[in-house]
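The values are calculated or read from the model by the stated rules, or taken from the named source; none is laboratory data. What you see is a predicted model, and the numbers here were worked out from it, not measured in a lab. Note that we place each Cβ from the backbone using ideal geometry, even for glycine, and neighbour counts take in every protein chain shown. Remember, those area values only see protein heavy atoms, side chains included, never the ligands or the DNA or RNA. Shrake-Rupley method; radii C 1.70, N 1.55, O 1.52, S 1.80 Å.
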Amino acid sequence: MTRKIDYLFLRNGSRNWQIKFQYPNGERVEKSLGTPDRAQAEILALPHIQEHKLRLLEAKPGINITWQHRFAPGQEHVAADGERIIADDRELIVLSHNGAIVRKEANGGFAVEVPARREQKTIARNEKQRERVATNPDDALIETYLKHKNITDYYEREARAVWALYKLLTNGKPLRDASRDDGRKLVDYFEKKGLKSATIQKKVGWLTAAVNLAIDEGKLKFNPFSSIVPERDDKERRLPLSETDIRIVKQKLNRLDKGDQLLFRALASTGMRLSEAFEIDGEMKERGCRYIIIGSKTSQSLRRVPLPTALLPFLPLKIEGPLFPGGPKAASKRLNRFLNDVGIDDRRKVVHSLRHRAQDRLRAAGCPEDCRWAILGHEEKTVAEGYGEGFPVPLLRRWIDKIGF
């Protein structure tokens, strides 16, 4: 019998779960998962465990793991339906005929070459894994939703964590038998943790959307997560950072390390969400203007963002991989702590206030509403007419430079 390995542990004096790995060469890796909830930690650990197992597999003689591209990176391709496909090492950016971003897809996948004598064992093992997934139709519904909507990275981990929490709170009650009271167990759990109603709605929204898709496909008839979050006026209004605040920050920016200095400059000069900064893993050019593609939060937030003139001197000559290491949660804590340390201690002023400042700066400069949303990404689905028509990057660059830092 194979010994079960538990990669998770709690360090003395820490609330949050850690993940640890040991390699045959003696290397040890430890990382905080940023949550005190064991169920959520197990979900957040999955991509790290996958990477760990791939490294162990690569170390075995005769086994070769490669990433096989669907399209050659660094090139633009044209699909049969007229869509343009821009390929980088791991992703495909699909544009419509007018330049609007349609979706993002993986540019291929991992291929594992194993010795012939192991091949049959591997096939049998994979078949058993597929059978285990197939025995839980609700897990399959969640997998279908994530694949259908191309939910990846941070949002995929959040959705999986909420689903795992629901199963834990209801002892795995099947969705076909669930009531709204079962769904409300999630709400009660999050409220006891002190989360605002908007945050709870966002988390529960992953399961609401997944079940709605299952209903559309005739697999379920009732949504136990629909309309279960009470409407409360508990949203704390954020204030934009004033120009006086910005002057203070610029004078004391060297208190941050180089990576966080660049992160703060990027947020201030573009107005992007903090989570979107961690999506940056490459750049492209249009008529000489460098730009990035961000916005996996929703379909209306996926967009091309020019790199502002104020930011260019601090960037590498070409972005050819993730620009910021780590994750948005830890970065949020560091940057908000920095704001408090330099005297900006109004609790309504946080790192997200840079986004509000960018909106105000663009509005004051006379930037048209559709251009503003093309730069910042929409918050709601009821958006200005004409969004998604694909504004030229040079035009957006002229407007984004009005934000400044």
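Could you pull out the pairs from Lys53/Lys185; Lys53/Lys203; Lys196/Lys250; Lys31/Lys329; Lys147/Lys196; Lys31/Lys202 whose alpha carbons sit more than 23 Å apart here? Checking Cα-Cα distances, Lys53/Lys185; Lys53/Lys203; Lys196/Lys250; Lys147/Lys196; Lys31/Lys202 exceed 23 Å. Rounded to the nearest 0.05, what FRET efficiency do Lys285 and Arg70 have when you use their Cβ-Cβ distance and R0 = 22 Å? Calculated value: 0.45. For the stretch 160-318, the pair-distance distribution built from all alpha carbon pairs, in bins 10 Å wide starting at 0, is 8, 27, 24, 22, 15, 4 percent.
Pairwise Cα separations in the stretch 257-307 fall into 10 Å bins from 0 onward with the following percentages, short to long: 23, 56, 20, 1. In terms of its C-alpha gyration tensor, the stretch 267-342 comes out prolate, because a/c is 1.5 or above and the ratio a/b outweighs b/c. Put one equal scatterer on each alpha carbon of the stretch 293-381, apply the Debye formula with no solvent term, and list log10 I(q)/I(0) at q = 0.14, 0.24 1/Å to two decimals. Values returned for q = 0.14, 0.24 Å⁻¹ are -0.70, -1.35. Answer with one residue from Gly172, His148, Asn136: the one whose Cα lies farthest towards the positive end of the charge dipole of the stretch 134-187, charges on Cβ with Lys, Arg +1 and Asp, Glu -1. Toward the positive end, the furthest listed residue is Gly172.
In this simple spin-label approximation, His77 and Arg232 carry label points 7 Å from Cα along the Cα→Cβ vector, and these lie 4.9 nm apart. Taking 0.36 nm per residue of separation and subtracting the current Cα-Cα distance, fully stretching the chain between Lys258 and Glu30 would add 79.8 nm. The modelled label-to-label distance for the pair Glu143/Leu57, using points 7 Å beyond Cα in the direction of Cβ, is 1.5 nm.
The mean accessible area for residues of the stretch 280-382, using a 1.4 Å probe and ignoring ligands and nucleic acids, is 50 Å² per residue.
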